[in-house]
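Only one structure is covered here, and it is reproduced in the block below.
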Amino acid sequence: MKVVLLAGGFGTRIFEESQHIPKPMVEIGGMPILWHIMKCYSYYGFNEFIICAGYKQEVIKKWFDDYFLINSDITYDFRSGKSDLTIHDQFCEPWKVTVVNTGLYTMTGGRIKRVQKYIGNEQFMMTYGDGVCDVNICELEQFHKSHRKLATLTAVVQKQQKGILDIAKDNSVRSFREKSVNDGAMINAGFMVLQPEIFDYIKDDNTVFETDVFNRLVAENQLMSYVHNGFWQCMDNLNEKNILEELYKQRKAPWKVW
């Protein structure tokens, strides 16, 4: 199953870092947070990724272009008057990564729609490129298969200002609304499983997935929540980046399941 990663936004709330690189490329423990997210999926056997890039998308492409060489043993032989390169052992993950320029100002739904041709008519996973979690992705997938609805999102309880969910006893999502400063309820943490029919709910580049698509899914009783009681943390600002950095430095990073 393919994993779609949203990595195209401007990251204005962490401008100290994002003025130079896309927010998903901000490093935690010397590696981009995007890499951390991919490592989590890879641990559960999901190794094919489609990255919805936009702002400074060339940085993401260049990083992956260099990644193989950096993680390989290489011999450079200049004796013939040219550069002969021999790659010996390489230590990269077994990943297939497609980086797609989904536009500079495209909304989240539009970015997903733009990579439809790389997904095809199959179920896929999707999450944001700025949040880490210790959710069991295999159990998330099994939960999605059990209810036969079009979409499942991972819900966590956090005192943060994210999209607010009203969840019924059977875990169906009864309503979805955008954040409010007074909220402290269950929130959308990403880590979604989606059926290919979801593309029919996306009109164009201006479609916002978290409002336009979610609200329609809710109205049709097609959105379910997988409640996760473990760790989740996004990286919206420099303070949150420092929190993640400190956890990793102290070897207390709950998302590091690999």
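Below, the figures for the structure above:
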| quantity | calculated |
| --- | --- |
| Qualifying residue in the stretch 15-27 (condition: β-branched (Val, Ile, Thr) and either in contact (Cβ under 8 Å) with a residue 24 or more places away in the chain or in contact with a Cys (Cβ under 8 Å, 6 or more places away or on another chain) (or both)) | yes |
| Subset of the stretch 1-60 (residues that are of a type in the set (Phe, Trp, Tyr) and either farther than 18 Å from Tyr105 by Cα or at pLDDT below 95 (or both)) | Phe10, Phe15, Trp35, Tyr41, Tyr43, Tyr44, Phe46, Phe49 |
| Every pair of residues 6+ apart whose Cβ atoms lie under 9 Å, when the first sits in the stretch 142-153 and is of a type in the set (D, E, K, R) while the second is assigned to a helix (DSSP H, G or I) | Lys149/Leu217 |
| Filter result for Arg216 (modelled with pLDDT under 95 and not in a loop (DSSP other than H, G, I, E, B)) | no |
| Candidate set: the stretch 97-152, residues that are of a type in the set (Ser, Thr, Tyr), surrounded by 19 or more Cβ atoms within 10 Å (Cβ to Cβ) and out of contact with any helix residue (DSSP H, G or I) (no Cβ under 6 Å at 6 or more places or on another chain); chosen: the one farthest from Ser175 (Cα to Cα) | Thr106 |
| Entirely in the stretch 37-112, the strands (runs of 3 or more DSSP E) that have 2 or more residues that are out of contact with any Pro (no Cβ under 7 Å at 6 or more places or on another chain) and of a type in the set (A, V, I, L, M) | 48-53, 84-90, 96-101 |
| One residue from Ala168, Ala185, Ala151 being more than 20 Å from the chain's Cα centre (by Cα), modelled with pLDDT of 70 or more, within 16 Å of Glu220 (Cβ to Cβ) and not hydroxyl-bearing (Ser, Thr, Tyr) | Ala168 |
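The values are calculated or read from the model by the stated rules, or taken from the named source; none is laboratory data. Here the structure is a predicted model, which is why all the values come from computation and not from measurement. Neighbour counts are summed over all protein chains in view; Cβ atoms, including those assigned to glycine, are modelled from backbone coordinates with ideal geometry.
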